[in-house]
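Accompanying notes for the structure given below.
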Amino acid sequence: MNLVHRAGRTPAERQPDPSLPHRPEAGRPAEGGSSRTFRTRRAWPLATALVALSLVASACGGDGQGSQAAQDDRCVKEFDASKDYFPVKQTIRHATNFTLTYAKNYQVVTVKQPAPGAKPQTYVLVRCGTPAPKAEGELKDAVVVETPVRTLFASSTTHLPFITDLGVLDRLKGVASAGLITSPQVRERVAAKQIIEYADITGQEIDTEKVIGARPDVLMTDGNDVPAHQTLRNAGIKIVANAEWQETSALGRAEWIKFVAALTGTEAKATEVFDKVAAAYQELAAKAKQAEPVSVLPGQMFQGQWAIPNGESFMAKLIADAGGTYAWADTKGTGSTNLDLETVLSKARDAEVWLPQMNDWKSLEDVRKADPRYAEFAAFKSGKVWSMNKVLGPGGGNDFYERGVGRPDLILADLVAILHPELMPGHTFTFYQQLAR
Amino acid sequence: MLSLRSLSVGYPGRRRRPARRVLEGLEAVARPGDLTVLIGPNGTGKSTLLRTLAGLQPALEGQVLLDGSPITALDEVERARRIAVVLTERDLPALLTARELTGLGRHPHTGFTGRLTAADQAVIDWALQVTGAAHLAHRPVTELSDGERQRVLTARALAQEPSAILLDEPTAFLDVPSRVALMGLLRRLARERSLVVVVSTHDLELALRIADRIWLIDPAGALHCGTPEELTLNGTIGASFDGEELTFEAASGVFVLHGKGRGTARVTADGTRRPLLERALTRAGWHPSPEGPADLAVTWTGEAYEAVRDGTAHRFTSLADLTDWARHEANR
Amino acid sequence: MTEPAFAPAARRRTAVMAVLAAAVAVSFVLAVALGSTTIPLDQAVAALLRLENADPGAQTIIWTVRLPRAITALLAGAALSVAGVQMQTLFRNPLAEPYILGVSSGASLGVALVVTGWGGLASAFTGGVAGLGRAGIVVAASAGAAAVLGLVLALSRRVRSVVTLLIIGVMVGSTTASLITLLLAYSDAQRAQQYLGWSLGSYSGTTWGDLALFTPVCTAALAAALMGVKPLNAMLLGENYARTMGVRVRRVRTATLLTASVLAGSVTAYCGPVAFLGLAVPHMAKLLLGTADHRVLMPASVLLGGAVSLVCCIATQAPGSGAVLPLNAVTTVLGAPVVIAVLLRSRAAQTGWAG
């Protein structure tokens, strides 16, 4: 059911995509011209010539000079079998859910688990203008995509920071639903109709006609396969799974920028961006490691049941990297478990810091209204309650799940500043804010 | 005493639907001590009338008076203390014993919690005893037979200590002995307790035999009141119930086949045998003529039946053979 | 009903009531003594009595978590069972239960509206739970239940047959369920998950503040229901017979619907929709007592309902691991086989409701 499906994908929020590559501009003037010249006999042959010319012009296509130029540089004119077409090679060090290997003129990307329990998917990213390899062996069922892609659609807000940081935002032509996007640049482009929204307001129902009509070079999904995707595949749309949310480490998730780079041909930029982020992250982690670990209480409860992240989950690793510890750090699993309030009280009542994940809580009064029993916790009493809802988009989307995906260093900085304020004096918080008293 | 004054019964009108009158202008009286039986062909409105008398449906016009006061003037509890009913509903709750069911009849007399005092228990005991259901007291009602169930429901009605009991087709679904027993019981109750008892039934012959008063609703919707003999004599019964094949015979008080036989027959036999032979021959198609010439003469010789027709004599040892032959003769 | 002629039946009933009372006491004690964390009995007692040497951790757990939960379970079980008896008698239907008129659907719709902040359509509205908190949920659930109750009562005056009312209730339930699905489809995952969690039912969400309101409302409604035993007994034979026995049928119908809905609605407001108790406990009580007489059936349902509910509450805390099972799963899994087994064994129930 949709409910569970979406609940599991908390960071996945939909984006709208206003701009589509249009071709109609060339056609219109012709029609306008022919109606005016009906009146005089002398203008008749002239009109016919005009019509013919404009029809020819429209048949050639092209939606502006930018993509015209890109088209000229994009594809290889003469294929040289001995040339290595990938001068910058990316290596994947932190992400565990995809692999990237290079051949001379194509890359092979395998996403191990696009969705929980799903089979691995392989993509062959062939440099445009070069021949694709034979579809045999492990490449048998692979999706072949010509790179670098000119236009792409993205289904999840978590993909947006990668696209923006790589500087290829102009190639983004469609998002599923724009409601929860926080990035002002993307929202601007949506409003200006440069990016279209190809699904309904919930982001679930894909308007296949829109997608097929727009013909993006590639459609990036978050890994979940819906029946509409098959329709799109049948129509020749290339669908790839950008399943960064399946990673359990923050750096692993951020490293998926390299996936988008492999598609768009911006490997150099990706390496630059990611190396900076990784370096900052690791420096922070090293600093935090030297301090005394601080006890943390993650999550919050509803109807007396507390959702506690398991020991191998994303949140657990972040807490560990930030120099924190929590009572369930040695449990197994990457999801969360529903625990009784009693258990949480007995094990974590005296945790120093509480990190709930509620978009709606701005003050401790909000917390008390939700359930007065939170007051039993030491962290509540001392006021050390921080939620990551500092930046919320106009549609209610949380930037922690958008920009935060690409910038785990900023998240870690916030966390280290919360747990060890003495290590980060004068820090400005990006995503986290302390709840007001 | 239960009186009907210009009573019209039926279903009240709603928006866009006019009132449906089932019966109108009814005038009748049911006296205490009488067993009043309500008869009439199907669809004439017997149930509607009884429901109106019980207060379950409002009268469209006119009044129902109980001991002089209209029943609409009584509040529900007071009415419940005066009138009790036995309805046609057959759904009984599980897990109630006959005694508990009878005890429900004390409802208008008990206090707020419904607790039964010793006096209430005495009434229940009496009700069960008088209906012959005392031995069933601790059996669950869903395990009782139809006849037993009707007794218990009657006991429940009696437990209300009413002055009038109305019963809607209580003998439907009962076998003949139970039917007879129930009607006998009702008659006895009417007499011994001076109750007004109004029963509706389809069993015409039993009704005419046992009722003190008959209320007959004819197919035209008119109500005729009188003793069974009065209504038989003035032809009302015949007019309402005679059919193509059967007619009501006043003398015997039963339905007989039409005497349009092949011919006449004269029967010579003793007192018991003669009417039975006549009945069998009527069924076979020979109309009995007690005196005078007849087409067929049947005599019981003491050992066998002798039948003479057209001068030919036939001898039969069994009544069945005689009857079959007579039928065969009639169809020749 | 004291019947000198048949003492064994009366003795059976007294014995059953005594056993039920004991069962309630024992299960209440167990609900306080057991939980996902192990607290030794002596410490539990000390914490309960707030002795000086009591461990503060144990005190917090006993007083903030276990006691409110146990009291809620007791009240909710009693309330739903009594409401179930009323519905089964009023509608003369063994499958009737407190939610049959759509009361819990109305409450669910109210909660869905609050939790989703009227849906994601008005993107600026980020109300949700935070704006109103738990009080918001309770108020919304009560308002939803009251709205449905009002509708049903208004219709019951115009509708002659009680079966029509039943069908209307089922239709109301279906309609609200569709509306809720619609609301959830247009909200984000976090909100939808909140609603889902609520709809699984829980006794752990009530605090002492909640109980300050829930207890008097529930007890008052229970008392009102118990006052109606006499007319309910008459209604066993159906509305026609009841009317001829002096029962003011319209009034009794309204009063019964009102108390049953307040009972069911208040439980739903604080605990979410709790499945199955209102359906199963009346049957269990009838079979234990061997009678349908409401004068014993109602008090027995109060006790049995409380005891069964407390047992379900204990069963939701899988001891040791701290993980919690959803309440509705437990009530159904525990209750359904019991009822089936009891029905198969009992002859009285086999003859069923009809004659």
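The values are calculated or read from the model by the stated rules, or taken from the named source; none is laboratory data. What you are looking at is a predicted structure, and each value in this text was computed from that prediction instead of being measured. With ideal geometry, Cβ positions are generated from the backbone for all residues, glycine too; neighbour counts draw on all protein chains shown.
Of all residues in segment B:59-81, exactly one satisfies the criterion of being in a helix (DSSP H, G or I), surrounded by 14 or more Cβ atoms within 10 Å (Cβ to Cβ) and more than 10 Å from every other protein chain (Cβ to nearest Cβ), namely B:Ile71. Of the residues examined, B:Val85 is one that is in contact with a strand residue (DSSP E or B) (Cβ under 8 Å, 6 or more places away or on another chain), within 11 Å of chain C (Cβ to nearest Cβ) and not in a loop (DSSP other than H, G, I, E, B). The set of residues in segment A:120-136 being under 25 Å from A:Asn224 (Cβ atoms) and in contact (Cβ under 8 Å) with a residue 24 or more places away in the chain consists of A:Gln121, A:Tyr123, A:Leu125. Counting residues in segment A:271-280 that are under 20 Å from A:Leu419 (Cα atoms), in contact (Cβ under 8 Å) with a residue 60 or more places away in the chain and among the hydrophobic types (A, V, I, L, M, F, W, C) gives one or more.
Each residue in segment B:143-187 was checked for being over 15 Å from B:Leu206 (Cβ atoms) and not polar (S, T, N, Q), and 19 pass.
Listed by position, the helices (runs of 4 or more DSSP H) inside segment A:304-384 whose residues that are surrounded by fewer than 18 Cβ atoms within 10 Å (Cβ to Cβ) number at least 3 are A:378-382.
Among the residues of segment C:40-59, the one identified as among the polar types (S, T, N, Q) and loosely packed, with under 11 Cβ neighbours inside 10 Å is C:Asn53. In this structure, is B:Ile39 under 30 Å from B:Phe241 (Cβ atoms), within 14 Å of chain C (Cβ to nearest Cβ) and surrounded by 24 or more Cβ atoms within 10 Å (Cβ to Cβ)? For B:Ile39, the condition - under 30 Å from B:Phe241 (Cβ atoms), within 14 Å of chain C (Cβ to nearest Cβ) and surrounded by 24 or more Cβ atoms within 10 Å (Cβ to Cβ) - is not met. Summed over segment A:207-225, residues that are assigned to a loop (DSSP other than H, G, I, E, B) and under 16 Å from A:Trp245 (Cβ atoms) total 4. Does A:Asp414 fit the bill of being free of Cβ contacts under 8 Å to residues at least 24 places away in the same chain, under 21 Å from A:Pro293 (Cβ atoms) and out of contact with any Leu (no Cβ under 8 Å at 6 or more places or on another chain)? Spelling it out, it is not the case that A:Asp414 is free of Cβ contacts under 8 Å to residues at least 24 places away in the same chain, under 21 Å from A:Pro293 (Cβ atoms) and out of contact with any Leu (no Cβ under 8 Å at 6 or more places or on another chain). Can you name every residue in segment B:100-129 that is assigned to a loop (DSSP other than H, G, I, E, B) and among the aromatic types (Phe, Trp, Tyr)? Matches in segment B:100-129: B:Phe112 only.
Looking for something touching a helix residue (DSSP H, G or I) at 6+ places or on another chain (Cβ under 6 Å), closer than 27 Å to C:Ala189 by Cβ, facing chain C (nearest Cβ under 9 Å) and without any contact (Cβ under 8 Å) to a residue 24 or more places away in the chain - is there at least one such residue anywhere in segment A:359-369? So far as segment A:359-369 goes, yes, one or more of its residues are touching a helix residue (DSSP H, G or I) at 6+ places or on another chain (Cβ under 6 Å), closer than 27 Å to C:Ala189 by Cβ, facing chain C (nearest Cβ under 9 Å) and without any contact (Cβ under 8 Å) to a residue 24 or more places away in the chain. Residues that are in a helix (DSSP H, G or I) and either more than 9 Å from chain C (Cβ to nearest Cβ) or of a type in the set (Lys, Arg) (or both) within segment B:130-145 comprise B:Val130, B:Ala134, B:His135, B:Leu136, listed in sequence order.
If only one of C:Ala141, C:Ala135 is under 26 Å from C:Ala73 (Cβ atoms), of a type in the set (Gly, Ala, Ser) and surrounded by fewer than 17 Cβ atoms within 10 Å (Cβ to Cβ), which one is it? It is C:Ala135. Among (1) away from chain A (no Cβ under 14 Å); (2) modelled with pLDDT of 85 or more; (3) buried (at least 19 other Cβ atoms within 10 Å of the Cβ), where does C:Val29 come up short? Every listed condition holds for C:Val29 apart from (3). Residue count for segment C:188-222 under the criterion of being away from chain A (no Cβ under 14 Å) and either closer than 30 Å to A:Thr337 by Cβ or not small (Gly, Ala, Ser) (or both): the result is 7.
Looking at (1) more than 23 Å from C:Pro68 (Cα to Cα); (2) within 14 Å of chain A (Cβ to nearest Cβ); (3) in contact with a helix residue (DSSP H, G or I) (Cβ under 8 Å, 6 or more places away or on another chain); (4) among the aliphatic types (A, V, I, L, M), which is the only condition C:Ala225 fails? Among (1) more than 23 Å from C:Pro68 (Cα to Cα); (2) within 14 Å of chain A (Cβ to nearest Cβ); (3) in contact with a helix residue (DSSP H, G or I) (Cβ under 8 Å, 6 or more places away or on another chain); (4) among the aliphatic types (A, V, I, L, M), C:Ala225 violates only (2). The sole residue among A:Val211, A:Val218 that is farther than 27 Å from A:Leu251 by Cα and buried (at least 22 other Cβ atoms within 10 Å of the Cβ) is A:Val211.
Filtering C:Thr64, C:Thr72, C:Thr37 for residues that are within 14 Å of chain A (Cβ to nearest Cβ), over 30 Å from C:Ala285 (Cβ atoms), crowded, with 17+ Cβ neighbours inside 10 Å and at pLDDT 85 or above leaves a single hit, C:Thr64. Which of (1) more than 9 Å from chain C (Cβ to nearest Cβ); (2) touching a Gly at 6+ places or on another chain (Cβ under 8 Å); (3) in a loop (DSSP other than H, G, I, E, B); (4) among the hydrophobic types (A, V, I, L, M, F, W, C) does B:Ala155 not meet, given it meets every other one? Just one mismatch for B:Ala155, condition (3).
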